[in-house]
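Following: one structure in structure tokens, then a few remarks.
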Amino acid sequence: MVSACSQKAPDNQKVPAGFVLVKGGAFINTKSKYYGQGVTIPDFYIGKYEVTQKEWTGVVGANPSKFKGANLPVETVNWYDCVDYCNERSIKEGLKPYYNIDKDKKDPDNTNAIDDIKWTVTINPDANGYRLPTTAEWEYAAGGGQKSKSYTYSGSNNADDVAWYWQNSGDKYLTGFWAWPALVKNNNKTKPVGSKKPNELGLYDMSGNVREWCWDWHQPNTPDDLQGRIWRGGGWIGGDFCCASSFQAGYEASGKAPDQGFRVVRGK
């Protein structure tokens, strides 16, 4: 079995431990909204797993997660926490930080009234540090990249094969209609990363477990909708439809929830 750290990148550098090299190209997953739209993705490295609490505490220290466990995904983190983590981890490992973060300047493009943080965050596109994936990169990787078999979920057409979501993330398999009291009684929660089957690229939990922050803005679609940042992949609280690789939604960047986490991308 070839491990991720032994694969060769085009420049003959080893793929960083814990990452997968995603070969770029056009979308061949026929269920993707990008399919046939002329969108191409360059090569990139993406975390094999969602960022764990062990990884988080190794950089940040304090653990914000509701469900504690070294190999559980970190959760209850907002978008700002995640970009800050990316920079701190980059600095710790001697990489050039990808983000310029001005915590004192309110972002004039952020119109979300609920978001009281509104840091101004810009990018260093030539940096080799850690970052959040763009929503297109995320969907490309979740959908299998150039190895895609056009599954609905990330690695299967059966959500239970690859995803932790409201029906299967507790003591027993729930049926009927979603109801929060039933989830609480059933001890629904996050699960150790990599507990389900991987997708075609060897990536785990891109469907289910925790929702994953992306870089991109979510722009309002209706008068009741609010601007925020895009999340992908669904989580242990939500429905199987949220776990589809093509599904996306938005959340205020300052928002935190016990089903909200992330994974990182890294430059070469």
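Some notes on this structure:
- Using a simple spin-label model with pseudo-atoms 7 Å out from Cα toward Cβ, Lys68 and Gln219 lie 4.4 nm apart.
- Entries in Lys33/Lys149; Lys118/Lys191; Lys23/Lys96; Lys23/Lys197; Lys147/Lys197 that, when Cα-Cα distance is taken, lie over 25 Å: Lys118/Lys191
- Each 5 Å bin from zero up to the one holding the largest Cα-Cα distance in the chain carries the following percent of pairs: 1, 6, 13, 17, 20, 18, 14, 7, 3, 1, 0.
- Dimensions of the range 12-71 from C-alpha coordinates, computed as largest minus smallest value along each principal axis and given longest first, are 44, 32, 15 Å.
- Think of a 1.4 Å ball rolled over the protein heavy atoms: the chain then has 45 Å² of accessible area per residue.
- Residues Asn157 and Trp180, FRET efficiency given R0 of 22 Å [Cβ-Cβ distance, rounded to 0.05]: 0.20
- Taken one residue at a time, the phi angles of the range 190-205 give Karplus couplings (6.51, -1.76, 1.60, θ = phi - 60°) of 5, 10, x, 4, x, 7, 9, 5, x, 8, 4, 9, x, 9, 10, 6 Hz. Gly and Pro are set to x.
- Applying 0.36 nm per residue to the separation of Thr40 and Asn100 and subtracting their alpha-carbon distance, the gain on full extension is 19.0 nm.
- Separation of the Asn187 and Thr120 label points, Cα + 7 Å toward Cβ, nm: 5.0
- Taking the DSSP bridge list for the range 185-265 and keeping only pairs wholly inside it, about 80 percent are antiparallel.
- Its relative contact order, with pairs defined as Cα atoms under 8 Å and 6+ residues apart, puts the chain at 24 percent.
- Using the Cβ-Cβ distance between Ala113 and Phe241 with R0 set to 35 Å, the FRET efficiency from 1/(1 + (r/R0)^6) comes to roughly 0.80.
- Rounded to the nearest angstrom and listed largest first, the equivalent-ellipsoid semi-axes of the range 150-209 from its Cα gyration tensor are 23, 12, 7.
- Alpha carbon centroid spacing (whole Å) that separates the range 155-195 from the range 58-83: 21
- The magnitude of the dipole of the chain, with charges of +1 and -1 set on the Cβ of Lys/Arg and Asp/Glu and taken from the Cα centre, is near 820 debye.
- Cα→Cβ-extended label distance, 7 Å offset, between Glu88 and Lys33, nm: 3.2
- Within the range 22-168: Cβ-based charge dipole about Cα centre, in debye rounded to nearest 20 (Lys, Arg +1; Asp, Glu -1): 360
- Each 5 Å bin from zero holds the following percent of Cα-Cα pairs in the range 99-213: 2, 10, 14, 15, 14, 12, 14, 12, 5, 1.
- Helix-only arithmetic for the chain: the sum of -39500 (n - 2.57) across DSSP H runs with n ≥ 4, divided by the residue total, places the mean residue ellipticity at 222 nm at -4000 deg cm²/dmol.
- Cross-link reach is defined here as a Cα-Cα straight distance under 17 Å, omitting same-chain residues fewer than 8 places apart; for Lys105 the aspartates and glutamates meeting it are Asp81, Asp84, Asp115, Asp116.
- Residue among Trp178, Val162, Ala136 farthest towards the positive dipole end of the range 116-216, charges placed on Cβ: Trp178
- Here the chain has 52 percent of its accessible surface on carbon and sulfur atoms, given a 1.4 Å probe and all protein chains in place.
The values are calculated or read from the model by the stated rules, or taken from the named source; none is laboratory data. Given the structure is predicted, the values throughout are model-derived calculations rather than measurements. Every residue, glycine as well, gets a Cβ built from its backbone with ideal geometry; the counts of neighbours run over all protein chains shown. The protein model used for the area step is the full one, side chains on, heavy atoms only, and it has no ligands, DNA or RNA in it. Shrake-Rupley method; radii C 1.70, N 1.55, O 1.52, S 1.80 Å.
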